[in-house]
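Reading through the C-alpha cells given below for one structure.
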Amino acid sequence: MTDIKLSRRNILAGAAALPVAAGATTALADGHAAAPVNALQNSFELGEFQVSTLLAGTRAVEDIQSIFGMNVTPEEFAKVSQENFIPADKAQFFFTPTVVRTGSDVVLFDTGLSAAGTVPALTQAGVSAGDVTIVVITHMHGDHIGGLTDDSGAPTYPNARYVTGQVEYDTWAATDNETFAAKVKPLADKFSFIGGGDDVVSGVTAVEAFGHTPGHMAYMVESGNEQVLLMADAANHYVWSLAYPEWEVRFDQDKAAAAATRKKLLGMVAADRIPLIGYHMPFPGIGYVTEAGPGSYHYVPATYQLML
C-alpha cells in the first residue's frame with residue numbers, strides 16, 4: 001500500500017468558517033446558492049510533496065436520477081441507493097480543487113465555482129492566491145474555471161501560469177460558451193498546452209481521461225515512489241458513477257468514452273492500490289478503489305491510513 005503520512009488533517013476553523021461570496025454561501029454557475037461551507041481541508045505528505053484538498057463549495061441537489069444512472073430503471077437505481085444507505089431522490093454535491101506544493105512550485109488543480117469559494121479554502125491550507133505559481137485546468141466546465149478571475153474580472157492568481165490539455169482548449173475555443181469566453185480567453189496568452197504523458201512539472205503527469213469532456217485530463221502526482229491520482233470528473237459520484245461505471249451521467253459529453261475512461265482509471269488504481277482524489281467525491285475527496293465484481297468497483301474513503 002502507498003505510504004502517505006499525515007501532516008495536517010481535517011482542520012476546522014470555528015467562527016471563521018470559510019467566508020464565501022457576500023455571506024456563507026458560494027454562487028453557482030447555474031444561479032443557485034451553495035450550502036454554507038465549513039473551513040475543512042485535508043493535507044498530507046506525498047514523498048517530498050504536500051497535497052491539500054480544498055472544500056470550495058457544496059450543495060444538495062434533487063431529482064438526482066436526471067443526472068446519474070440515466071440508463072437504468074428507477075427500481076434498480078432505488079435498490080442500489082438503498083443498499084448504499086443514500087437517498088435515491090437527492091445527493092450532496094462537493095466541489096474540491098487540490099493544491100500540490102512541490103517545494104519549488106505551488107500547483108492548483110482547478111479553481112472552483114468562484115474565487116470567493118476557493119481562495120478562502122486555500123487560505124485555510126496555508127496558501128495565498130499570490131503563492132500559486134501554476135494553475136492546472138482539468139477541463140473547462142464552469143465549476144472548474146469559475147474561480148480563474150474574481151468578480152471584477154481580475155486574475156485570481158496573479159503570479160501563476162496556466163496549463164490545460166490542448167484538445168480541451170481547442171474544443172472550447174471553437175464554441176461560443178460564455179463562461180469560457182469570460183474566464184479563460186482573457187488569460188489565453190498565459191496558457192501552455194499539453195497532452196497525455198506530458199509533465200506539468202516533474203512529478204505531475206497528465207493522463208488522458210476523455211469522455212466527460214472531449215479533452216478531460218486526470219493527473220498522476222508522484223514523489224518519493226508514492227503516488228496519488230487526481231481523477232477530476234472521471235467519476236462524479238462514489239456510487240452512481242464510480243461503483244457502476246457503465247451508468248450514464250448527464251454531464252458526460254461522450255457517455256461511451258466516459259464509461260471506458262472510468263473503467264480504465266479505476267481498474268488501474270484498484271490493481272496498483274493507488275489512492276485517488278475525486279473533485280466530486282464526498283469531502284475530503286480522498287479514497288481507494290477495489291474491484292467489486294466484473295465491471296464494478298467499490299470506493300473506500302481514506303480513514304486513518306493518512307495518519308500512519
- prompt: Which of the peptides 98-109, 132-143 is most tightly packed, and how do the rest follow, judged by the mean count of other Cβ atoms within 10 Å per residue?
  reply: 132-143, 98-109
- prompt: What is segment 244-302's relative contact order, in percent, from Cα pairs under 8 angstrom and six or more apart in sequence?
  reply: 27 percent
- prompt: In the chain, how does Rg compare with the Kirkwood Rh, expressed as the Rg/Rh ratio over alpha carbon atoms?
  reply: 0.93
task: Report the semi-axes of the equivalent ellipsoid for segment 235-275 in whole Å, largest first, where each axis is √(5λ) for an eigenvalue λ of the Cα gyration tensor.
output: 18, 11, 7
- prompt: Under 17 Å Cα-Cα from residue 185, which aspartates and glutamates qualify once same-chain neighbours fewer than 8 residues away are excluded?
  reply: 110, 143, 150, 151, 168, 170, 176
message: Rounded to whole Å, give me the distance from the Cα center of segment 194-234 to that of segment 70-92.
response: 30 Å
- line: Whole-Hz Karplus couplings 3J(HN,Hα) for segment 198-212, θ = phi - 60° and coefficients 6.51, -1.76, 1.60, Gly and Pro as x, run 7, 9, 6, 9, 4, x, 10, 10, 6, 10, 4, 9, 5, x, 4
task: Rounded to whole Hz and in sequence order, give me ³J(HN,Hα) for segment 49-56 from the Karplus expression 6.51 cos²θ - 1.76 cosθ + 1.60, θ = phi - 60°, writing x for Gly and Pro.
output: 8, 10, 10, 10, 9, 10, 7, 9
field: Over segment 148-191, equivalent-ellipsoid semi-axes from the Cα gyration tensor in Å
entry: 18, 14, 6
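All of the numbers you see were taken from the coordinates with simple rules; none came from a lab. The structure displayed is predicted, hence computed values, not measured ones. Backbone-built Cβ (ideal geometry, glycine too); neighbour counts: all protein chains shown.
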